[in-house]
1. Taking into account only those residues within region 2-45 that are of a type in the set (S, T, N, Q) and touching a Lys or Arg at 6+ places or on another chain (Cβ under 8 Å), which is most open to solvent (accessible area, probe 1.4 Å)?
2. Got at least one residue in region 23-45 being modelled with pLDDT of 90 or more, farther than 13 Å from residue 75 by Cα and part of a helix (DSSP H, G or I)?
3. Which of the residues belonging to region 1-22 are among the small types (Gly, Ala, Ser) and assigned to a loop (DSSP other than H, G, I, E, B)?
4. Which of the residues belonging to region 1-39 are touching a helix residue (DSSP H, G or I) at 6+ places or on another chain (Cβ under 6 Å) and without any contact (Cβ under 8 Å) to a residue 24 or more places away in the chain?
5. Is it the case that region 72-84 has a residue that's part of a helix (DSSP H, G or I) and either β-branched (Val, Ile, Thr) or touching a His at 6+ places or on another chain (Cβ under 7 Å) (or both)?
6. Which of the residues that make up region 46-55 are surrounded by 10 or more Cβ atoms within 10 Å (Cβ to Cβ) and outside any loop (DSSP other than H, G, I, E, B)?
7. Within region 42-58, identify whether any single residue is more than 13 Å from the chain's Cα centre (by Cα) and at positive phi, and answer yes or no.
8. Check 78, 70 and return the single one that is open to solvent by 60 Å² or more (accessible area, probe 1.4 Å), under 20 Å from residue 3 (Cα atoms) and of a type in the set (Lys, Arg).
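The values are calculated or read from the model by the stated rules, or taken from the named source; none is laboratory data. Keep in mind the model is a prediction, meaning the values are calculated, not measured. Every residue, glycine among them, receives a Cβ derived from its backbone with ideal geometry; neighbour counts consider all protein chains shown. All accessible areas refer to the heavy atoms of the entire protein, side chains included, with ligands and DNA or RNA removed. Shrake-Rupley method; radii C 1.70, N 1.55, O 1.52, S 1.80 Å.
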Amino acid sequence: MILTLTGGSGFGKTTIARELLKVLPQTSLITSLTTRAPRSTDLDGEYRYLSASEKENLDKIKLLWSTEVRGKFYATTRESVDCFLWPD
């Protein structure tokens, strides 16, 4: 099962994710991509932080989804989800 937490900044997504990881130890995060700066509240492995030039080279990577919010880029690669859908 893949659970997606969606909401605006400050909505509590990271708080909910942190609690789920505590009570469901077999749960793991899918790492997303972003051009925003790291925050002290980010979970380990939650994001791979990209520079503007790295973002420009993403054409070679298959993205499952991507968006820009307030000038910052966010995306999840198909590869990061495939390992959950089709485990070895």
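1. Going residue by residue through region 2-45, those that are of a type in the set (S, T, N, Q) are 4, 6, 9, 14-15, 26-28, 31-32, 34-35, 40-41.
Now narrow it down to the ones that are touching a Lys or Arg at 6+ places or on another chain (Cβ under 8 Å): 6, 31-32, 34-35.
On the way: 6: 114, 31: 55, 32: 20, 34: 0, 35: 36 Å².
Within region 2-45, the match that is most open to solvent (accessible area, probe 1.4 Å) is 6.
2. Yes, the conditions are met somewhere in region 23-45.
3. If the condition is that a residue be among the small types (Gly, Ala, Ser) and assigned to a loop (DSSP other than H, G, I, E, B), then 7, 8, 9, 10, 12 are the ones that fit.
4. Of everything in region 1-39, those that are touching a helix residue (DSSP H, G or I) at 6+ places or on another chain (Cβ under 6 Å) and without any contact (Cβ under 8 Å) to a residue 24 or more places away in the chain turn out to be 5, 7, 27.
5. Yes, region 72-84 has at least one match.
6. 47, 48, 49, 54, 55
7. Step one: filter region 42-58 for residues more than 13 Å from the chain's Cα centre (by Cα), giving 51-58.
Adding the requirement that they be at positive phi leaves none.
No: region 42-58 contains no residue that is more than 13 Å from the chain's Cα centre (by Cα) and at positive phi.
8. 78
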